[in-house]
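Please read the structure below before turning to the comments.
The values are calculated or read from the model by the stated rules, or taken from the named source; none is laboratory data. Because the structure is predicted, anything quoted here is derived from the model rather than measured. Here the Cβ positions follow ideal geometry from the backbone for every residue, glycine too, while neighbour counts run over all protein chains shown.
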Amino acid sequence: MKVVLVHGIFDTGSKFRTLKPYLEARGHVCLAPSLTPNDGREGLPALAEQLRHRIDAAFGRDEPFALVGFSMGGLVSRWYLQELGGHERVELFAAVSAPMQGTVWAYGYPGLGARQMRPGSDFLACLGASAERLSRAELYAYWTPFDAVIVPQKSADWQLADSRRIPALCHPCMLWHPRLMADLAARLGDP
């Protein structure tokens, strides 16, 4: 299966340096683009547009794939899915430590993307209003109670998804936690 990995704030596609080869060793074809500006200062919809162009360039406009969004990348992925038509081709979406109900951490950083990640933002309300567009995809959420970036941590415990608690000791640790990698690979199934 083709898999697109979407990084979080301040990161690049290299954030998946453990998960990407793990999935590729199991036969999946992975794309981990680096979106800019990676602090989201121009807004998460602008990053979602970049994501759409990168996916279309790599896989064409019709090829189905799975989508994995880490942290801010989970919200960028949701905008792509719900507002840019990605829901018509994504078979599985996994949100990893994504602030689905926002994070208070976002109050500590300037820029449009940070404002969009605040609890109660218009951006999150828009995603809530169009959530029915996700009805065709398998939805998974992975979160840790030890997350110091997604506050409150339960914000990543997404109610629309099959939610899994992972005992990773930090926010970025989620991406190389053995239980997360094994569960995600099992959900993706055989390529």
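One residue stands out among those in the range 59-97 that are among the basic types (Lys, Arg) and farther than 21 Å from Leu23 by Cα: the one that is modelled with the highest pLDDT, which is Arg78.
Out of the residues in the range 5-16 that are out of contact with any helix residue (DSSP H, G or I) (no Cβ under 6 Å at 6 or more places or on another chain) and buried (at least 17 other Cβ atoms within 10 Å of the Cβ), state the one that is nearest to Ala94 (Cα to Cα). Restricting to residues being out of contact with any helix residue (DSSP H, G or I) (no Cβ under 6 Å at 6 or more places or on another chain) and buried (at least 17 other Cβ atoms within 10 Å of the Cβ), the top hit is Phe16. Filtered by the rule that a residue be surrounded by 14 or more Cβ atoms within 10 Å (Cβ to Cβ) and either in contact with a Ser or Thr (Cβ under 8 Å, 6 or more places away or on another chain) or touching a residue at least 40 places away in the same chain (Cβ under 8 Å) (or both), the range 27-40 gives His28, Val29, Ala32, Leu35, Asn38, Asp39, Gly40.
Can you name every residue in the range 50-75 that is over 19 Å from Val149 (Cβ atoms) and either of a type in the set (Lys, Arg) or crowded, with 19+ Cβ neighbours inside 10 Å (or both)?
Correct list: Leu51, Arg52, Arg54, Ile55, Arg61, Phe65, Ala66, Leu67.
In summary, Pro191 fulfils each of the numbered conditions (1) more than 20 Å from Gly43 (Cβ to Cβ); (2) touching a strand residue (DSSP E or B) at 6+ places or on another chain (Cβ under 9 Å); (3) surrounded by 14 or more Cβ atoms within 10 Å (Cβ to Cβ) with the single exception of condition (3). Yes or no: the range 136-149 includes at least one residue that is of a type in the set (A, V, I, L, M), touching a helix residue (DSSP H, G or I) at 6+ places or on another chain (Cβ under 8 Å) and under 28 Å from Arg89 (Cα atoms). Yes, that holds for at least one residue. Taking the conditions (1) touching a residue at least 40 places away in the same chain (Cβ under 8 Å); (2) closer than 23 Å to Pro191 by Cα; (3) not aromatic (Phe, Trp, Tyr) in turn, Gly102 satisfies each one other than (2). Whether a residue is exposed (fewer than 14 other Cβ atoms within 10 Å of the Cβ), modelled with pLDDT of 95 or more and not small (Gly, Ala, Ser) was assessed, and Asp183 does not pass this test. Counting only residues that are free of Cβ contacts under 8 Å to residues at least 60 places away in the same chain, touching a strand residue (DSSP E or B) at 6+ places or on another chain (Cβ under 9 Å) and within 15 Å of Leu134 (Cβ to Cβ), the range 49-79 holds 2 of them.
Matching residues to (1) surrounded by fewer than 21 Cβ atoms within 10 Å (Cβ to Cβ); (2) of a type in the set (D, E, K, R):
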{"residue": "Gly111", "(1), (2)": "yes, no"}
{"residue": "Met117", "(1), (2)": "no, no"}
{"residue": "Cys126", "(1), (2)": "yes, no"}
{"residue": "Arg133", "(1), (2)": "yes, yes"}
{"residue": "Trp143", "(1), (2)": "no, no"}
{"residue": "Leu160", "(1), (2)": "yes, no"}
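Taken together, Leu112, Leu19, Leu84, Leu47 contain a single residue that is of a type outside the set (Asp, Glu), in contact with a helix residue (DSSP H, G or I) (Cβ under 6 Å, 6 or more places away or on another chain) and more than 18 Å from Val149 (Cβ to Cβ), which is Leu84.
Here Ala168 passes the criteria (1) outside any loop (DSSP other than H, G, I, E, B); (2) over 24 Å from Gly86 (Cα atoms); (3) not aromatic (Phe, Trp, Tyr) except the one numbered (1).
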